Amino acid sequence: MPEVVVFGLSGPSCAGKTALALGLAKVFPRTAVIHQDDFYKPDSQIPQHATADVQDWDCPEAFDMAGLARAIRDTRARLERTGALDGEGAATGHAAARWANPPADMDRLLSPEAVAAARSAVARELGADTPPPAVLLVDGILLFHDGSEIRDACSAGALVFARRDTLRRRRESRAAYTTKEGVWSDPPGYFDAVVWPNFIRYHAALLADYPQIAGPDAATAAGAGRARQTPASGIVVCSSDAPIEASLTACATAIAAGREMNRL
């Protein structure tokens, strides 16, 4: 039976999860992907924000969380049974066409040397004669929030973040999002009224290990850009304000050690 490591990549909108996931798909030849965005509820079922008088697309209630958890379990079982990665959900090579908002400068962000370094770290973790596992990447803004049922479906994971002003600039540069029933564009002030406060609100327990993430010096929260694991959860924490190489290697190593890690 092929070994499958389910690795969750979570963090606020525009934190750099896609770039890191695309890098991991280069490191691990057998990678499948599930996007939490595919489990948004229809537009008419997105709840209203309690105070901002707009729809709240950044809360757990905006997603079919039970459907996401079921998809993770079913996809993992299929991969363990067959090892097949073809068809829907497969990720090979660059795979940018399969992703929402892929970084336009991905090849500049991630050099062949960075991929090779991550692969070497995986080989050291596993041993030279052990092949890397199949990987199921789960990508989304709300995977490890307080009380999340998705945590138990993952073998390991990473919380990806950036400075608040970096996140705001990236979010406001996006013109619109395609939804199940139309198109959504952020109204003025949406990031500061909804996106950032929701990230802080729903990750209070996890952020207790890294309170700096909520402050202006968030880029130093993981140790001056050195990705590492939080003491309480085992989740890798990394900043996209820092070069991607360290984060890629830390996540790849966590995936290689996935069978050894405690459940999240």
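Can you spot a residue in the range 62-73 that is of a type in the set (D, E, K, R), farther than 24 Å from PHE199 by Cβ, modelled with pLDDT of 90 or more and surrounded by fewer than 16 Cβ atoms within 10 Å (Cβ to Cβ)? Yes - at least one qualifying residue is present in the range 62-73.
At least 3 residues being closer than 30 Å to ARG81 by Cβ is the threshold, and among the helices (runs of 4 or more DSSP H) wholly inside the range 102-190 those reaching it are 112-126. Among the residues of the range 1-23, those identified as surrounded by 23 or more Cβ atoms within 10 Å (Cβ to Cβ), among the aliphatic types (A, V, I, L, M) and either in contact with a Phe, Trp or Tyr (Cβ under 8 Å, 6 or more places away or on another chain) or not in a strand (DSSP E or B) (or both) are ALA15, LEU20, ALA21, LEU22. Can you confirm whether the range 252-263 contains a residue that is on the phi < 0 side of the Ramachandran plot, crowded, with 22+ Cβ neighbours inside 10 Å, touching a helix residue (DSSP H, G or I) at 6+ places or on another chain (Cβ under 6 Å) and at pLDDT 55 or above? Yes, some residue in the range 252-263 is on the phi < 0 side of the Ramachandran plot, crowded, with 22+ Cβ neighbours inside 10 Å, touching a helix residue (DSSP H, G or I) at 6+ places or on another chain (Cβ under 6 Å) and at pLDDT 55 or above.
Let's see how each residue does on (1) at positive phi; (2) loosely packed, with under 12 Cβ neighbours inside 10 Å; (3) of a type outside the set (A, V, I, L, M); (4) at pLDDT 50 or above:
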| position | (1), (2), (3), (4) |
| --- | --- |
| GLY87 | yes, yes, yes, no |
| MET106 | no, no, no, yes |
| PRO112 | no, yes, yes, yes |
| ALA123 | no, no, no, yes |
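Checking the stated criteria, ASN198 turns out to be of a type in the set (S, T, N, Q), more than 16 Å from the chain's Cα centre (by Cα) and modelled with pLDDT of 90 or more.
The values are calculated or read from the model by the stated rules, or taken from the named source; none is laboratory data. Quantities reported herein were computed from a predicted structural model and do not represent experimental measurements. In this analysis, Cβ positions are derived from the backbone assuming ideal geometry, glycine residues included, and neighbour counts consider all displayed protein chains.
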